[in-house]
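Everything below concerns the one structure shown next.
The values are calculated or read from the model by the stated rules, or taken from the named source; none is laboratory data. All values derive from a computational prediction rather than experimental measurement. Every residue, glycine as well, gets a Cβ built from its backbone with ideal geometry; the counts of neighbours run over all protein chains shown. Accessible surface is based on the protein model in full, side chains and every heavy atom, while ligands, DNA and RNA are left aside. Shrake-Rupley method; radii C 1.70, N 1.55, O 1.52, S 1.80 Å.
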Amino acid sequence: MFIDTEEWLSDDNPYRRTLRPHVFKYLDFSRPLRRDELLTYTGLSANRTLLTIYESDFLLLPRKDFGAKRQDFEEFYSPRLKVLGEIVRPELESFLFHFLGEEISVTGHWTASSLKAYLEDYARSIRQGSDNKAMAAILGSADPVHAAKTFLIQLAGDFLLESSAMSRNILGRYGAIQSALFKVVIDEYGYGVHKTKHSTVFERLLERCGLDSSPHTYWQFYLTSSLLLNNYYNWICRDHSRFFRYLGAIYQAETAFIASCQQMADMMRQVFGADAEVQYFLEHVHIDQHHSRMVLDELIMPAIESFGEGIILDIVRGFEEGKLLGDIAEQDFCQQVRWSDNGGKYKTLHPAIYARIKEGSIHPKMQQFVEPRGELSVTHVHDGDELCHIQSGVMRFVTGHERYTLLHAGEGTVIQRNRLHGAIIDSEECVYNIYSIGDHQKCL
């Protein structure tokens, strides 16, 4: 189910996810990633794999043609796959999330009152408004519609399964805060009315924008950081020893969403017109003001009263981790938009660098590929800058869903490190070289 596909998009099949398993033997998951390594190829592979493992806990059913997908359904939920996933899951979690302990240090003497003041100060700063770099990147893009759709695709990985991760915490027995958390989950599920369920409202938003609303249709176009953020919430919810960390993280998310959803609604109207579908975002502007206060007053403060001030460090850590991962995802998205916008620029950098390779003034490692028409290179990233040079034939170099640059014989482009891309061959045969040039600026 997880091998490379011949299509960019999943056909309403939530079980098939491209993980490129044939490459795993070349990857080293033994040493945890540093922050500056999160967006590497190994990081992308680990995130794709870990999310697949986590989501075997959730019931996912296709909308149509279940009979044709029955074998995949049974394999996805099979004991064999479950056991294999559990074997590698702890290693992948350590590999991806160890860096949080290196990046965030929580010190000092915290009390219930000092924590409340800290969190309320954050809420006040959110209400006063702040710059949203992702929205600025969309509105400043050379193709705002494509950038906006790329942003919605990043949200889709989580929002189409909305609250599934947090629902891991509503089972068991731990007093009144369990019931308070259940009220948040009920809100997300539209109080049992399917048309008001938040994921249903998000489906309508996607469809109005011309996007498919089936879960993981755009699996190949999820950025590494989007997967990482999704995995983080599954990680801290699946491991109940991190429950108090989750309380801090969910407070940060619910509070930050108040302002960001208003900014998202404003962006949608600017990009798609005054009648753009924005109900999903406006609903969260309203409900998350309530959820933010509820998490603080009915979850966090009662938890401290019940379980002691010793849990505060976990709450603060979760809050800071949520902020950090959100910042990383925002920066990654902005960089992808800029890189995709500048496809022409990176194409024009090619001749000067290739000339230096031909004259022998630089000697990068080279791999040559010979591929037939229709050959699809599943989306991936490179750990350093690469130069793609077409020897013969035509390549459609893909930088996002429905966005590409055509490269003919003698042409090429610079592939910037950590930027998600793929390719498909548009001629009977294409011969191309990939040069590992490190930092392309040093080659000019």
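A few remarks follow.
- Share of carbon and sulfur in the accessible area of segment 1-160 stands at 54%, probe radius 1.4 Å.
- Divide the volume of the convex hull around the Cα atoms of segment 370-444 by the residue count and you get 80 Å³ per residue.
- Partner aspartates and glutamates for K365 [C-alpha distance under 16 Å; skip if fewer than 8 residues away on the same chain]: D383, D385, E386, D439
- Computed E for K82/L27 - FRET, C-beta separation, R0 30 angstrom, nearest 0.05: 0.85
- Computed P(r) (all Cα pairs; segment 281-336; 10 Å bins; percent): 20, 33, 34, 12, 1
- Secondary-structure-derived ellipticity at 222 nm for the chain, considering helices only, amounts to -17000 deg cm²/dmol, per-run term -39500 (n - 2.57) for DSSP H runs with n ≥ 4.
- Gyration tensor (alpha-carbon) shape descriptor, segment 187-251, a/c threshold 1.5: oblate
- Cα gyration tensor shape of segment 101-186, rounded if a/c is under 1.5, else prolate or oblate by comparing a/b with b/c: oblate
- Computed from Cα positions, the angle between helix 66-76 and the longest principal axis of the chain comes to roughly 80 degrees.
- Antiparallel %, DSSP beta bridges [both residues in segment 315-437], to 5: 100 percent
- Sequence-distant contacts, meaning Cα pairs under 8 Å at least 6 residues apart, place the relative contact order of the chain at 18 percent.
- C-alpha long axis of helix 144-159 to longest principal axis of the chain, angle in °: 50 degrees
- Estimated FRET transfer efficiency when R0 is 35 angstrom, pair Q71-D383 (beta carbons, to 0.05): 0.45
- Relative contact order of segment 323-444: 35 percent, from C-alpha pairs under 8 Å at least 6 residues apart in sequence.
- In this label model, S56 and S392 are separated by 4.5 nm, measuring between points 7 Å along each Cα→Cβ vector.
- Ellipsoid equivalent to the chain - semi-axes via the Cα gyration tensor, in Å: 39, 24, 23
- Enclosed volume per residue, in Å³, of the convex hull spanned by Cα atoms of segment 28-99: 106 Å³
- With 30 Å as the limit, the listed pairs K133/K183; K323/K345; K64/K133; K64/K197; K69/K149; K116/K195 have K133/K183; K323/K345; K64/K133; K116/K195 beyond it between alpha carbons.
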